[in-house]
Amino acid sequence: MERHPGGGESSDQDEKKSPSAAADYMKNFKNIIAAGNEASMTREFNPQVAYEFEKYLNPQKLKQHVLKSDKLRSIVEHYAKESGQPEKQLERQARAIIDEIGLERNMAIIRWCGIAITAIGKRICDGFYVNSASMANVRKDMGKCPVLYLPSHRSYMDFILMSYICYYYDIEIPGIAAGMDFHSMFGMGTMLRKTGAFFMRRSFSNDELYWDIFREYMYALVANYHIGVEFFIEGTRSRNFKALVPKIGLLSMALLPYFTGEVPDVMIVPVSVAYERVLEEQLFVYELLGVPKPKESTKGFFKALKIIDERFGKMFLDFGEPISVKEFFGHDSGQRMQRAGVGGHLQKLNRQEVELVKQLANEIIYQQQRRIVISTFNLLSLYYASQLYAQKNVNIDELSRGVLHLKRIFEQLGAHVSTTPSSIKADIIDAVEIHSNILHFAAARLQFTPMAAKQLAEKIDVRRMKAHALCPQTMAVAVPMLALQLYINPCMFWLARPAYLLLAALKEQRNQENQLSTADTISYDASLSALHSHVTTMDALFQHEFIIESNREAAEFETHLQLLLDERVVVVEKSGRIRVQDNECSHVILAALAPFLCLYYQLVVTLRKIPLDFEFSNKDLLVRVQQHVEQLLQQHGGSASHVHPYCLALDNLNIAIYALIQRGYILKCKDSGQMKIAGTPGKCLQELEHLLLEYCQLMPFAQYSTAANQQAQFHIAKL
């Protein structure tokens, strides 16, 4: 159901599920590569179009439509006057740019790719599971206006799966925005273009002509073409398996035909893609620690085909409720007509429109996360980490009980969980087998799979590391723990705010215990007000870490409080005070947030060592943090308080640095990129450090990483 910003919650807000309802929802997922379900790649393809026209353009006519448009003519005239170049020369540049950008369509190549994907999918996966009911829901509204497909982005498999699924369900394969790094791959660039990819430069830099021509091509693709458009609103793959802050550039371009009144509406389809095991998992872990990303190349692609000897489990794809842009924005057509026919160089969204697009982008990310399927290994990783922090080893019986308990919690919150209670032990054994590079059973207990430091030293050139050159011993400890954390991270959409609330209750409880003069009774409303205040503080601090802003905060607070009450994590005393009880559920929820608290705390500790007037670069800061964390891990043999190998992850450090810049703790020069500590009143790093330390000390485990790090250190010693 669509939601107007600032309006009430959508129908999915209270989408709590009984066990039977949750099981029924998962029955909607169909394995489209199972024997007997496969699509025939030689059948006649008569797809349903995204946007119906009386007359349809082909890719070449689409290019001509852009080149001959009045808007492109005005762009050429504008730059001819501005640069002094002849119009003919600029027209040739425009044609070359459109040829570089433009998509093509070759059904023979599409069919060949489909055959290859089916064969590889059957070999490495246990199935491509698609929610056929949500797909039918999308199809029924198609044809009336342009369609934007916006998938979550965790793997290069995302856009391959989308195209494959559209073919399978007889929907026109959308035009897919792809980076120029794919364009330059010998053979692959041409193949991708002929299957519907259109290419964009990662950075337009100061090439304003390119920017305006790309914008006009995107405008025509949305307003005048029938196939729909697909792009990733996060801008890049999330190497940490969490949603990233949405980028609104492409979304703003794609919505220009709506803002000008050329199309009556735009239908946005959030798409959620989940993997039991992501193909790039190991690559992502190394990149997080600073190993440079390998350049995309055809040679690299064929080298990567060695994965056909590995297992990656199931892949899930779900479609969210389509969002009507018109209903979301609440526009009337009269407001949108004033820019129709204006050239690209003059097409600028006003401040109110930019704010609306940002709200829409956050809603899309929110809906993507709501429908990402939580797998058995996600829950197993979450439970196992909580037991490690509590310094407990677990067997399969304990894992089964813990995973089923978490399944009930997540389904109460509204999540879709693939775990089957009737075969829980078999599911766990299978999940561990798929992820045997991270975990394995030894002596009937779950353990990290050992990694040899010597092997890492031979494999990684430390001279090319992006930040600090971590030693092989540190890498050997960090790699399995980061890999495990990747599979915990998708759970944070559901657990971040319950964790905030639980920490708030612990903090308020400690405050009351320390205030001896406090009255014996306190109103329940006063307790709730205090909790709200603490949760708001944490929401603001972690707003770039967990993308959960949605105008549903009040309702979610009630939902999360009820969960904690139901699980006996908190109890309300007769006096009106809210008390926290130490139990397994509270351990799991707090363990989920612990690595993020550790990372922010260690970042602030590092910043506090830098003089106020000292300028530093982003890389300088990353090096300092990694050196500081590595030193702690080495000095204390993996048992340092408030430190976790996740503190070494560059992507997450960059998110935390950005958060501190946005909140005014760090000042960054736009021109040079240099940073320094803010001396602004009210933005005191010392106060932030004390706050984070207080949160860390509220955890029920005195030393977060003790058990996990020591177990990893033990394996290294054996190797």
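Okay, here's what the table says:
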quantity	calculated
Matching label, Cα Rg over 2.2 N^0.38 Å computed from the structure shown, candidates [x] 1.22; [y] 1.44; [z] 0.98	[z]
Extension gain, Q282 back to R464 (0.36 nm per residue minus Cα-Cα distance, nm)	63.7 nm
Rg ratio (alpha-carbon, reference 2.2 N^0.38 Å) - segment 75-195	1.39
Rg(Cα) / (2.2 N^0.38 Å) computed for segment 29-80, rounded to two decimals	2.03
Share of Cα-Cα pairs in segment 605-696 lying beyond 19 Å, as whole percent	42
Reachable lysines, given that their alpha-carbon falls under 21 Å from the alpha-carbon of K507 and they are not under 8 places away in the same chain	K574
Cross-link partners of K459 among aspartates and glutamates (Cα-Cα below 18 Å; sequence separation of 8 or more within a chain)	E280, E281, E287
S523-D207 FRET efficiency (beta carbon distance; Förster radius 51 Å; 0.05 resolution)	0.25
Of K242/K425; K326/K358; K247/K326, those spanning more than 22 Å from alpha-carbon to alpha-carbon	K242/K425
FRET E, pair R73, Y156, Förster distance 45 Å, beta-carbon r, rounded to 0.05	0.75
Mean separation of Cα contacts under 8 Å (6+ apart) over length of the chain, as relative contact order %	15
Portion, in percent, of the accessible area of segment 217-279 that falls on carbon or sulfur, probe 1.4 Å	54
Simple spin-label estimate for A426 and E513 in nanometres, 7 Å along Cα-Cβ	4.7
Hits among lysines - C-alpha to C-alpha of K27 under 19 Å, sequence gap 8 or more where chains match	K16, K17, K314, K407
Helix-derived mean residue ellipticity, 222 nm - over the chain, DSSP H n ≥ 4, -39500 (n - 2.57), to 500	-16000 deg cm²/dmol
Distance from segment 408-445 to segment 345-400 (C-alpha centre basis), Å	18
Solvent exposure of segment 389-532 as accessible area per residue, Å², 1.4 Å probe	42
Sequence-distant residues sharing a close amide H with I374 (under 5 Å, placed H)	H416, V417, S418
Carbon + sulfur, % of accessible area of segment 503-635 - ligands and nucleic acids excluded, 1.4 Å	47
Amide H within-cut-off set for I176, under 5 Å, with H built and near neighbours excluded	A197, F198, E230
Label-point separation, R663 to D170 (7 Å along Cα→Cβ), nm	5.4
Principal-axis tilt of helix 70-83 within the chain, Cα atoms, nearest 10 degrees	80
Spin-label pair E91/K574, simplified geometry with 7 Å Cα→Cβ offset, distance in nm	9.0
Rounded to 10°, Cα long-axis angle of helix 492-514 versus longest principal axis of the chain	30
Segment 189-297 shape via C-alpha gyration tensor axes, a/c threshold 1.5	prolate
Potential lengthening between R139 and K676 on full extension [0.36 nm per residue; Cα-Cα distance subtracted]	188.1 nm
Surrounding net charge for A526, when Lys and Arg each add one and Asp and Glu each subtract one, Cβ distance under 11 Å	-1
Highest-first arrangement of 552-565, 533-546, 238-251, 592-605, where packing means the average Cβ count within 10 Å	592-605, 238-251, 533-546, 552-565
Rounded FRET efficiency, nearest 0.05, which uses the C-beta distance separating K295 from Q631 and R0 of 25 Å	0.15
Gyration tensor (Cα) of segment 367-510, equivalent ellipsoid semi-axes in angstrom	29, 21, 16
Degrees between helix 396-413 axis and first principal axis of the chain (Cα, 0 to 90, nearest 10)	60
Solvent exposure of segment 27-107 as accessible area per residue, Å², 1.4 Å probe	59
Rg/Rh (Cα only; Kirkwood hydrodynamic radius) as it applies to segment 124-194	0.99
Residue-normalised accessible area of segment 542-593, expressed per residue, 1.4 Å probe, Å²	37
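The values are calculated or read from the model by the stated rules, or taken from the named source; none is laboratory data. Just so it is clear, the structure is predicted and the values come from calculations on it, not from any experiment. Positions of Cβ are backbone-derived with ideal geometry, glycine not excepted, and every protein chain shown enters the neighbour counts. All accessible areas refer to the heavy atoms of the entire protein, side chains included, with ligands and DNA or RNA removed. Shrake-Rupley method; radii C 1.70, N 1.55, O 1.52, S 1.80 Å.
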